[in-house]
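**Q** To start, I am sharing the structure in question, which I have written as structure tokens.
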There are 2 protein chains.
Amino acid sequence: MSATKPATIEDVALIAGVSIATVSRALNEPGKVADSTRRKILDAVAQTGYTTNAMARSLRMRRANMILILAPDVGDPNFSNILVGLETEASKRGYGILIGNTQNDPERETNYLRFISSNQADGIILLTGHLPYGLEAAGPVTRMPPMVAVNEPVPYAAIPFVGVDNFEGARVATDHLISQGHTRIAFIGKSTNRAVAMLRERGYRTALASAGVAIDERFVLEADGTTESGRGAAERMFVRDQLPTAFFCVNDATALGVIIALSARGYDLPHDFSVMGFDDISYASFVTPSLTTMKQPRLQIGEASMDLLLAMLEGEDVQKREILLRSELILRNSVALRRD
Amino acid sequence: MSATKPATIEDVALIAGVSIATVSRALNEPGKVADSTRRKILDAVAQTGYTTNAMARSLRMRRANMILILAPDVGDPNFSNILVGLETEASKRGYGILIGNTQNDPERETNYLRFISSNQADGIILLTGHLPYGLEAAGPVTRMPPMVAVNEPVPYAAIPFVGVDNFEGARVATDHLISQGHTRIAFIGKSTNRAVAMLRERGYRTALASAGVAIDERFVLEADGTTESGRGAAERMFVRDQLPTAFFCVNDATALGVIIALSARGYDLPHDFSVMGFDDISYASFVTPSLTTMKQPRLQIGEASMDLLLAMLEGEDVQKREILLRSELILRNSVALRRD
DNA sequence: ATACGGCATGTAAAGGTTTACACAACACAG
DNA sequence: CTGTGTTGTGTAAACCTTTACATGCCGTAT
């Protein structure tokens, strides 16, 4: 007897002997309908297997209960658990997540905005570090959808940010190296445009300054955050006359490159050099030597940012425009007491 | 002069001086409208910044152009690039993807089905290896949404499958070990319920059989596919009187565990033992020794499966119920010529 | 007895599309 | 000049909700 078409609110109303308005109310604001009627309605719902049609609902309510996530690369191991956190929190609150893999392609970014302009998504989580390309062109400021930037803050835009306290984390990391007796500490991964790298460098400098250690600028090397760039930077270091005893790397991928370069030169780590990373990506514990690093609370970052976005969406006045979470020092085997 | 409300098809029709039906046609089936009118309409569209409201469209058309992806853990490095492939193909064809992270929790699985029953998604990509819990209960077979299983086939259900040819891949892997002179080859990762593991074991057995090598059943050990289980299995191996010279592991995570166990016992790899994995997960190249393994064409798997699902959705009669892609032997440093 | 407020429910509009059907204009064959 | 197709466009229904407003009823204060 199951209808080929799915049941609508009208079918339910008919069976329960009430109007569709009452059915809608019974389902959405149970307080507003008499107990006896509500029971009849719930029975009818069970009997028909009714589910409310999300399309009709969204059309009427002008809201889709859907969040768009824009990421340059969903496959990035750095994003994986953030994604899980985002999804968990969204799902818990009845929202779905839509993912947009931009590959940093402006065209794709613009294209994903159709989800916003066509009302398929109510807000955006930005993992890209910049406003979606084509957003300004799309219309005046009033049309800007609610957004939260995660991991990478968006420069020159008043977008709420959730991420790790990079400055503080880098300070803790550098302090740890200092506590192991190191003073000639290199920083691998200087950048003049990536905000995260700049904050981490500042943390490094501040830690050394407070410890009264002068910074040898020849120990501060540029690298773009990839394993390859880390390897290259380490190689460049060896043309210098004086070498550091420890390397603080802007992230784990870079640290991996440094470790590969040092191992290839035949050094024994961590005996000859200490290496410290940042992020605690999944394979940090599998490298040899396993990597001492700062762990990003990725799950929490995901949850907190989704929580913030949904709060904005639901009209709560959000006072905090920035949520900084603490990173945690993870002790493994790539850092040791200074030996020379 | 930009309206506070987004422009509707009616606004466009008014400006272009035609009816809304013509506007709709001009946009969706351009051939059916006169060139001159179409031009006027496109002008009006540009002028108003009109975008069609996806909700209204989906409501009317009973189709959302959205695909639900059910995965036990989106953060799994094994899934990452499959996800990218899925997204790429979907996006190329104008579909969006909705992700459902089930954590193998029946309740969450059931919950995600609301996207289907409420018409928010048109089809499902199953990465879980089983039908979503609660699907059968939801209604008769006629209501089953189009589905494609990826990576893990769904047992006892006629669901089209896309994945790597595990049998063939395992055979190639084992052949490689044999070609390096090994005959005492262990299989780590036997399972009696995971289809993928069973296929890989069969490939292993077939390769040895065709090479005329008798299998020592004491070399076939159970493990559930985690790094920890690989480590444990390797340890168990050492209570035996005779040891293998090579380990073929059901996947890279297991291989990693084996490597860790062997290294901890002070063996020099690959000199003392060869270890082979399967999957080529991202950190396979970072372990020491770097892991020789079979590479899964993850991007392709993602694209092929989405392509199949969309073909089904668009009514093309899909003849192929199973697409098996080839895995590729990746030579690194964990396998060497037999030395003893 | 009258007025009034609160409660439970119903009526109908609105949200923005797509598309079956109808219609008009025109060309062309008979 | 009539009948038949073709082409281009319009009218209106349908998709399924939510919700402002109206209605009717009952209880209570005046």
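**Q** Quick one: how many residues across region B:51-67 are assigned to a loop (DSSP other than H, G, I, E, B) and under 20 Å from A:Asp122 (Cβ atoms)?
**A** Number satisfying all stated conditions: 5.
**Q** Exactly one of (1) touching a strand residue (DSSP E or B) at 6+ places or on another chain (Cβ under 9 Å); (2) of a type outside the set (A, V, I, L, M, F, W, C); (3) outside the structural domain of A:Tyr133 (by TED's automatic domain parsing) is unmet by A:Asp73. Its number?
**A** In the conditions (1) touching a strand residue (DSSP E or B) at 6+ places or on another chain (Cβ under 9 Å); (2) of a type outside the set (A, V, I, L, M, F, W, C); (3) outside the structural domain of A:Tyr133 (by TED's automatic domain parsing), A:Asp73 misses (3) alone.
**Q** While we're looking at this one, here's another question. So which of A:Ala44, A:Ala34 is within 16 Å of DNA strand C (Cβ to nearest atom) and in contact with an Asp or Glu (Cβ under 9 Å, 6 or more places away or on another chain)?
**A** Selected residue: A:Ala44, the only one of A:Ala44, A:Ala34 that is within 16 Å of DNA strand C (Cβ to nearest atom) and in contact with an Asp or Glu (Cβ under 9 Å, 6 or more places away or on another chain).
**Q** Next up: Within region A:187-222, how many residues turn out to be of a type in the set (Val, Ile, Thr) and under 13 Å from A:Met237 (Cβ atoms)?
**A** Residues that pass the stated criteria total 2.
**Q** Then there's this: Report, by residue number, each residue of region A:190-232 that is in contact (Cβ under 8 Å) with a residue 24 or more places away in the chain and among the β-branched types (Val, Ile, Thr).
**A** A:Val196, A:Thr206, A:Val213, A:Val220, A:Thr226, A:Thr227
**Q** Here's a follow-up. Give region B:22-50 a look and list any residue that's surrounded by 12 or more Cβ atoms within 10 Å (Cβ to Cβ), near DNA strand D (Cβ under 10 Å from one of its atoms) and charged (D, E, K, R), or say none.
**A** If the condition is that a residue be surrounded by 12 or more Cβ atoms within 10 Å (Cβ to Cβ), near DNA strand D (Cβ under 10 Å from one of its atoms) and charged (D, E, K, R), then B:Arg25, B:Arg38, B:Lys40 are the ones that fit.
**Q** Of the numbered conditions (1) polar (S, T, N, Q); (2) without any contact (Cβ under 8 Å) to a residue 60 or more places away in the chain; (3) more than 10 Å from DNA strand C (Cβ to nearest atom), B:Asn81 fails exactly one; give the number of that condition.
**A** (2)
**Q** From the set of residues in region A:70-109 that are in a strand (DSSP E or B) and at the interface with another protein chain (Cβ under 9 Å from one of its Cβ atoms), which is surrounded by the fewest Cβ atoms within 10 Å (Cβ to Cβ)?
**A** At the first step, the residues of region A:70-109 found to be in a strand (DSSP E or B) are A:70-71, A:96-101.
Retained after the next criterion (residues that are at the interface with another protein chain (Cβ under 9 Å from one of its Cβ atoms)): A:96-101.
On the way: A:Gly96: 23, A:Ile97: 23, A:Leu98: 21, A:Ile99: 27, A:Gly100: 25, A:Asn101: 23.
This residue is A:Leu98.
**Q** State whether one or more residues within region B:16-31 are part of a helix (DSSP H, G or I), farther than 30 Å from B:Glu107 by Cα and more than 14 Å from DNA strand C (Cβ to nearest atom). Outline the logic, then answer.
**A** Step one: filter region B:16-31 for residues part of a helix (DSSP H, G or I), giving B:16, B:20-28, B:30-31.
Subsequent filtering for residues that are farther than 30 Å from B:Glu107 by Cα retains B:16, B:20-28, B:30-31.
Checking the rest, the ones that are also more than 14 Å from DNA strand C (Cβ to nearest atom) come to none.
Scanning region B:16-31, I find no residue that is part of a helix (DSSP H, G or I), farther than 30 Å from B:Glu107 by Cα and more than 14 Å from DNA strand C (Cβ to nearest atom), so the answer is no.
**Q** Hey, another quick one. Take A:Ile9 and decide whether it is surrounded by 17 or more Cβ atoms within 10 Å (Cβ to Cβ) and within 14 Å of another protein chain (Cβ to nearest Cβ).
**A** Yes.
**Q** Also, quick follow-up: Kindly indicate whether A:Arg62 is facing chain B (nearest Cβ under 9 Å) and either under 30 Å from A:Asp307 (Cα atoms) or within 9 Å of DNA strand C (Cβ to nearest atom) (or both). Can you show your working first?
**A** Numbers: facing chain B (nearest Cβ under 9 Å): yes; either under 30 Å from A:Asp307 (Cα atoms) or within 9 Å of DNA strand C (Cβ to nearest atom) (or both): yes.
Criteria met by A:Arg62.
**Q** Let me ask you something else. Within region B:259-340, which strands (runs of 3 or more DSSP E) (wholly inside it) include 1 or more residues that are touching an Asp or Glu at 6+ places or on another chain (Cβ under 8 Å)?
**A** B:293-295, B:322-325, B:328-330
**Q** Say whether the condition of being among the basic types (Lys, Arg), farther than 30 Å from B:Leu127 by Cβ and not assigned by TED's automatic domain parsing to the domain that holds B:Ala121 is met by at least one residue in region B:13-31.
**A** Yes: one or more hits.
**Q** When you scan region A:150-191, how many residues do you find that are aliphatic (A, V, I, L, M) and touching a His at 6+ places or on another chain (Cβ under 8 Å)? If you could, list the steps in order and put the result at the bottom.
**A** Restricting attention to region A:150-191, the residues satisfying the condition of being aliphatic (A, V, I, L, M) are A:150, A:154, A:157-159, A:162, A:164, A:170, A:172-173, A:177-178, A:185-186, A:188.
Adding the requirement that they be touching a His at 6+ places or on another chain (Cβ under 8 Å) leaves A:154.
Selection size over region A:150-191: 1.
**Q** Moving to a separate point now. Please name all residue pairs, on different chains or six or more residues apart, with Cβ atoms under 8 Å, provided the first residue is in region A:20-34 and is more than 18 Å from A:Ala46 (Cβ to Cβ) and the second residue is within 9 Å of DNA strand D (Cβ to nearest atom) and part of a helix (DSSP H, G or I).
**A** A:Lys32/A:Arg25
The values are calculated or read from the model by the stated rules, or taken from the named source; none is laboratory data. Computed from a predicted structure; not experimentally measured. All Cβ positions, even for glycine, are placed from backbone atoms using ideal geometry, and neighbour counts span all protein chains on display.
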